[in-house]
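Asker: This is the structure, below, for whatever I ask next.
The values are calculated or read from the model by the stated rules, or taken from the named source; none is laboratory data. Predicted model, so just to flag it, every value in this text is computed and none were measured. As a convention, Cβ positions derive from the backbone with ideal geometry for all residues, glycine included, and neighbour counts pool all protein chains shown. What goes into the accessible areas is simple: the full protein's heavy atoms, side chains included, and nothing from ligands, DNA or RNA. Shrake-Rupley method; radii C 1.70, N 1.55, O 1.52, S 1.80 Å.
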Amino acid sequence: MSPAWFALLLFLLLLGFCPAGHGLRIQEYLYFHVLSPGDIRYTFTATPAKDFGGVFNMRFEQIYLVPSDPPDACGALNNGVFIEGQIALVEHGGCSFLSKTRTIQEHGGQAVIIADNSYDKDTTYVETMQPRADIPALFLLGRDGYMIRRSLEQHGLPWAVISIPVNASSVPASEFLQPPGIFW
């Protein structure tokens, strides 16, 4: 496939081309890039929560992605001081997505990324409910959340440094590195 055709295909996929006569529509994905640690310098795909989190209308060239302790963020956090002003990575399970988001919000988090607690799960959640939280909530594949947490544990690091959001359409296809196992 020629580079021009590949670029066109990538562009259409990013915009969510629907061949059944529906034209183009923008997929509701938000991309973030891990800057550190280096072994996971990938661009990850997250899905914004539909009905309970705030709108992600900020841009961070460098912000910490702090795994919550406990991982499910159901209750008081042992590392809440590190979450203040940062983005928290929490695991699915134990309590509702809204409860997790509110816990991070109460600790001063800018946003929350909720990863499935199962490594081999390859679907994302989009929970809908009436009550809201003010901070944005995003969903991440379980294997991606696991990869980030495992890397931080292996390096003895309390957080990753990320850039969020990433404009995926401005990144050349040859430089758009996604985690292993992600195919277009």
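Asker: Order 155, 92, most accessible first, counting only protein heavy atoms with a 1.4 angstrom probe. All intermediate terms of the calculation are to be shown ahead of the outcome.
Answerer: Details: 155 100, 92 50 Å².
Result, largest first: 155, 92.
Asker: What's the local net charge at residue 165, with K and R +1, D and E -1, over the other residues with C-beta under 13 Å away? Provide the component values of the computation, followed by the final result.
Answerer: On the way: positive: 59; negative: 28, 61.
Here the count lands on -1.
Asker: Using the Cβ atoms and a cut-off under 13 Å, what net charge is assigned to the surroundings of residue 71, where Lys and Arg are +1 and Asp and Glu are -1?
Answerer: -2
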